[in-house]
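Please treat every number below as a calculation from the coordinates, not as lab data. Only a predicted model underlies this, so the values are computations on that prediction, with no experimental measurement involved. Because the Cβ atoms are built from the backbone with ideal geometry, glycine has one as well, and the counts that use them run over all protein chains shown.
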Amino acid sequence: MGRWTVAEVASFLRIRDLAGPAKVLAESGVNGNDLLGLRLEVLTAELRLSTFAARKVVLARDAFQAES
């Protein structure tokens, strides 16, 4: 995950039915390394996701990491 490109992060989120957040993160240039370090506060304050959407992004990331 840490080596993913911006496009791969967006694809990861779209596959998990998170097309809206995928678009926002892609437009902000979030790559895999960035995704690993993102916290709810950054997703909501800096990237302007709703708290609901930000939680879904974090849960998807954490579930993927748990599977790996």
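Count of segment 43-57 residues, restricted to those that are within 18 Å of residue 29 (Cβ to Cβ), in a loop (DSSP other than H, G, I, E, B) and not charged (D, E, K, R), is 2. In segment 28-42 there is no residue matching the filter, namely being more than 15 Å from residue 3 (Cα to Cα), in contact (Cβ under 8 Å) with a residue 24 or more places away in the chain and outside any helix (DSSP H, G or I). For segment 58-66, the condition holds for no residue, the condition being that it is free of Cβ contacts under 8 Å to residues at least 40 places away in the same chain, in a loop (DSSP other than H, G, I, E, B) and surrounded by fewer than 18 Cβ atoms within 10 Å (Cβ to Cβ). Taken across segment 10-19, residues that are crowded, with 16+ Cβ neighbours inside 10 Å and aromatic (Phe, Trp, Tyr) do occur, with at least one present.
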